[in-house]
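Student: Starting off with a structure, shown below.
The values are calculated or read from the model by the stated rules, or taken from the named source; none is laboratory data. The structure displayed is predicted, hence computed values, not measured ones. Note that each Cβ is placed from the backbone with ideal geometry, even for glycine, and that neighbours are counted across all protein chains shown. To get the accessible areas, we keep the full protein, side chains included, count just its heavy atoms, and leave off ligands, DNA and RNA. Shrake-Rupley method; radii C 1.70, N 1.55, O 1.52, S 1.80 Å.
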Amino acid sequence: MNIILFGPPGAGKGTQAKYLKNKLNNYQVSTGDILRDEIKKETEIGKKIISCMNDGKFVDDEIINKLIKKIIFDKQKKNKLIFDGYPRTLEQAKNLNSWLTDSDQKIDFIFFLNVNKNIIIERIKKRKIIEKRSDDNLETFIKRYDTYMETTKPVLDYYSIKPNFNEIDGGLKITEITNKINSFLEV
Ligand code: AMP
């Protein structure tokens, strides 16, 4: 089963993706984690993206596409993908769609965790303390949130008309969101 978790930064996608990965024995595909790993390992890609990530801007589609394509065509991961933080642009969504078709896969569920800025700001403050993420300062967060709102609206429009699109109130408690996701999965 392939799933997309969609929503603004701090909506809880990562938490639900980890839960689903364990429950379904799938792979979590978090472009944010993959990119942070490239920076940590000081790879060529890492060096290219560091300033852009710290500025809260999106990384170039070209880089994202290269990283994601490899995962989609990995036979071991076929139909076992939980996308978290991807796709974020309309081009990424369209590329994903064509690669899934080419590899004889599809998206089974799209979960949109919808949550307002104030709730997310409180969460980011807490997460900064717990995970000590370098891109988690409030200023960067606000830029990331605004970039998301500007750039991701077309992606939301693209997915919201699909029959497997489900909107969930991301302001709910973690367990309540998990329960809602489970109720959709078991339909
Ligand atoms: P995240 O951990 O998903 O909130 O992502 C952290 C940062 O990584 C974002 O603010 C972007 O700079 C970058 N990023 C993550 N995923 C993507 C993506 N799919 N497309 C472009 N940039 C991304």
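Student: Identify the trypsin sites (Lys or Arg not before Pro) of segment 34-79 meeting these criteria: DSSP loop state and at most 10 other C-beta atoms within 10 Å of the C-beta.
Tutor: K41
Student: Another question about this same structure. Relative to the present Cα-Cα distance, how much length would full extension add between E91 and K70 at 0.36 nm per residue of separation?
Tutor: That pair, E91 and K70, stretches by 5.8 nm at full extension.
Student: Taking 0.36 nm per residue of sequence separation and subtracting the Cα-Cα distance, how much length would be gained by fully extending the chain between K106 and L185, in nm to one decimal?
Tutor: 26.9 nm
Student: Let me ask something else about it. Using DSSP H assignments, which helices in the chain have an axial alpha-carbon span of 15 Å or above and a mean Kyte-Doolittle hydropathy of 0.0 or higher?
Tutor: Those that clear 15 Å and a mean of 0.0 are 44-54, 61-72, 174-185.
Student: Among P87, P154, P163, which one shows the highest mean-square fluctuation when the chain is modelled as a Gaussian network with alpha-carbon springs under 10 Å?
Tutor: Per the Cα network of the chain with a 10 Å cutoff, P163 tops the list.
Student: Separate question: With the crude spin-label approximation of a point 7 Å out along Cα→Cβ, what separation in nm comes out for E122 versus D55?
Tutor: The two pseudo-label positions are separated by 3.3 nm.
Student: In this model, which of K80/K153; K126/K162; K41/K143; K48/K69; K48/K180; K47/K162 are farther than 31 Å apart at the alpha-carbon?
Tutor: Distance filter (> 31 Å) returns K126/K162; K48/K180; K47/K162.
Student: Same structure again: With every protein chain kept in place and ligands, DNA and RNA left out, what is the accessible area per residue of the chain? Probe 1.4 Å, answer in Å².
Tutor: Averaged over the residues of the chain, the accessible area is 55 Å².
Student: Next question, about the same structure. Subtract the Cα-Cα distance of D157 and T43 from 0.36 nm times their separation in residues, and report this length gain in nm to one decimal.
Tutor: 37.6 nm
Student: Filter the GluC sites (Glu not before Pro) in segment 1-90 to those in DSSP coil with at most 14 other Cβ atoms within 10 Å of their Cβ, and list the result.
Tutor: Those satisfying the criteria are E42.
Student: As a test of the definition: which semi-axes, in Å, follow for the chain when you take the square root of five times each eigenvalue of its alpha carbon gyration tensor? Largest first, please.
Tutor: Gyration-tensor ellipsoid for the chain: 23, 21, 16 Å.
Student: Let me ask something additional. Can you show me the helix-derived [θ] at 222 nm for the chain, built from DSSP H runs with n ≥ 4 at -39,500 (n - 2.57) apiece and divided by the number of residues, rounded to the nearest 500.
Tutor: -18500 deg cm²/dmol
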